[in-house]
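Asks: After the C-alpha cells below, expect a handful of questions from me.
Bear in mind these aren't lab numbers, they're just calculated from the coordinates by the rules spelled out. These numbers come from a predicted model, not from an experiment. Cβ: placed from backbone, ideal geometry, glycine included. Neighbour counts: every protein chain shown.
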Amino acid sequence: MQINQNLGKYGQVYVSGSLNQYYGNKKDDKQLQAGYSNSYKGISYGVSYSQQKTGDFLGLDSLGNSNLNQQDTQKSLMFTLSVPLGRGRNSPTLQLNSTHSNDDVNTYNTTLSGVVGESGTLSYALNANYNNQDDLTSMGASVTKQAALATVSANVNKGKDYKQYGANVQGSVIVHSGGVTLAPRLSETYALIEAKGAKGAKVMNGTGSKVDRFGYAVMPSLVPYQYNQVGLDSKYIENNHVELQQSNTQVAPYSGAAVKVKFETKRGYPVLISLAPEVSLPLGAEVLDENNEVVGMVGQGNQLYVRVSKVQGVLRIANAACKIVYDISDVSEQDQLIRLRGVCRNEEA
C-alpha cells in the first residue's frame, strides 16, 4: 500500500506499508514508512520515519529442539536539507542528511555539488560522511565531463585505513548511411543530426554534443511519443562561410527510435556591399547572381547583404536596370563579414 498527497504550498506527505507472508517456518516481514517534504525560498527539507521487522525464523538446533531466531524491529528517523548557495544558474547546492536508528547508530552525510560553465557539461561533487557506531569519517570527490564524444568521470574516496580511486569513460558509436559517428552515452531514443559543413555547431540541450567534421551530431536523449525540440546553435560554427537555413525543428519519435534530423546549410561568402547613393534601390528587393538565384536583398541606405559562392562575379537587383561587379579574391575566408563599396552600373555598361 502506498499513499501520496500533495498539500500545495504546505508540501507533500506520503505513507507506505508492505507485508510479506511465507509458507513454512518463517514469520511475516513487515515494513512501514512515512514522510513529509516541503521547500521555502529554494531551500528543500524533509523528514521520514521507517520501521522494518524481518519475520522470526523457526528452525532446529543441534539437539533437534525447536529454535527461534528472533530479529528486533529496526526503526530509523531521517532528516534531509538542501540549500542552494547562491541564486545564479551554476550556484552549488549543499545537501545535509542525518539518520538516527533505535540501536543508537547515527550517520551524517554532507554533499556539495554543482556545475561549471555556460553549457553545464562539467559537474562536481564533494562529500563527507560520519558514522558514530564505528567512529568512522570518510571523504570523497568526483567530477564528470559530458564531452562531445563521451562522458568522462573520475572519483577519489578516503576513509580510515583505505583510499579508493576510480575513472570511467562512457560513449557510443553510431553506424549509419553517412558513415560512423561517435557520441556520448545514448538513451533508448535519440536523434542523429545532419548539418553538412556546420562543424562546431552545438546541439541545444545536447549535453555537449556538437557537429563533427563530417557534418553529423547526436542529440543523446529524446522523450518518446511527444514533441521534442531539436536545434543547433550556429554561433559556434567554425567555418564563417556556412550558415544554417533553419536552426531548430520538432520531432515526435516512438520509443526506441533513432531519428535522423537534417538541417539544410548554405555555403558562401557573407558580403555587405555599400553602394553609391546616385541610384536609389527599392528596399527589400532581391539580389540575383549570374544564375538568377537569389543570394540576398537590398537593405536600408543602399546596402546589400548577400552570400555568394564565388570570389568574383556579377550581381543584379530585381526590378532595377543595373548590375554590381564584385571581387573578393584577396579577402580571407575566415572573415565573418566582408565589407565592400560598389557602384550599381547600367546593364549596358
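Asks: Between I174 and S39, 0.36 nm times their residue separation minus their Cα-Cα distance comes to what? Kindly include the intermediate steps, with their values, before the conclusion.
Replies: Numbers: separation 135, 0.36 × 135 = 48.60 nm, distance 4.26 nm.
Fully extending the segment from I174 to S39 adds 44.3 nm.
Asks: Next question. Just to be sure I understand the model, the point goes 7 Å from the Cα along the line to the Cβ. What's the resulting V47 to Q300 distance in nm?
Replies: So the label points at V47 and Q300 sit 6.4 nm apart.
Asks: So what does log10 I(q)/I(0) come out to for segment 187-267 at q = 0.11, 0.15 Å⁻¹, using the Debye formula with one equal point on every Cα and no solvent?
Replies: -0.25, -0.45
Asks: A follow-up question, please. So what is the relative contact order of segment 187-267, in percent, for Cα pairs below 8 Å that sit 6 or more residues apart? Write out the running numbers ahead of the final one.
Replies: Details: 215 pairs, mean separation 31.1, N = 81.
Reported relative contact order: 38 percent.
Asks: What is the calculated FRET efficiency for N157 to K262, with r their C-beta to C-beta distance and R₀ = 45 Å, to the nearest 0.05?
Replies: 0.50
Asks: HN-Hα J couplings of segment 238-247 from phi, Karplus 6.51/-1.76/1.60, θ = phi - 60°, integer Hz, Gly and Pro as x?
Replies: Residue by residue, segment 238-247 yields 6, 8, 6, 9, 10, 10, 7, 6, 8, 10 Hz.
Asks: Right, here's the next one. Under the rule of at least 5 residues apart or a separate chain, name every residue whose amide H is placed under 5 Å from the amide H of V259.
Replies: Residues meeting the criterion, in which the H sits 1.01 Å from N, are Y190, A191, L192.
Asks: Another question, if that's okay. Specify the residue with the greatest mean-square fluctuation among T107, T137, T73, computed from a Gaussian network of the chain linking alpha-carbon atoms under 10 Å apart.
Replies: T73
Asks: Under 8 Å for C-alpha pairs, at least 6 residues apart: give me the relative contact order for the chain, rounded to a whole percent.
Replies: Numbers: 859 pairs, mean separation 25.3, N = 349.
That works out to 7 percent.
Asks: After finding the eigenvalues of the alpha carbon gyration tensor for the chain, what semi-axes result from the square roots of 5 times each, listed largest first in whole Å? Intermediate values should be presented prior to the final figure.
Replies: Values: eigenvalues 890, 96, 86 Å².
Each semi-axis is the square root of five times an eigenvalue, giving 67, 22, 21 Å.
Asks: Using a 7 Å offset from the Cα along the Cα-to-Cβ direction at both M139 and F214, what is the distance between the two label points in nm, to one decimal?
Replies: Between M139 and F214, the label points sit 4.6 nm apart.
Asks: Among D330, D134, D28, which comes first, then next, by fewest other beta-carbon atoms within 10 Å? If you can, show how the numbers build up before the last one.
Replies: Numbers: D330 6, D134 9, D28 12.
Least to most surrounded, the residues fall as D330, D134, D28.
Asks: Could you give each residue of segment 265-277 its phi-based ³J(HN,Hα) in whole Hz, using Karplus coefficients 6.51, -1.76, 1.60 with θ = phi - 60°, and x for Gly or Pro?
Replies: Karplus values, whole Hz, x for Gly and Pro: 10, 10, 9, x, 9, x, 10, 10, 10, 9, 9, 4, x.
Asks: Also, quick follow-up: For the pairs K75/K158; K202/K310; K199/K235; K199/K262; K196/K260, note any where the Cα-Cα span goes beyond 20 Å.
Replies: On the way: K75/K158 29 Å; K202/K310 28 Å; K199/K235 11 Å; K199/K262 14 Å; K196/K260 13 Å.
The answer is K75/K158; K202/K310.
Asks: Around K210, which amide H atoms from residues at least 5 apart in sequence, or from another chain, sit under 5 Å from its own amide H, with H modelled in the peptide plane?
Replies: For K210, the qualifying residues are V203, V218.
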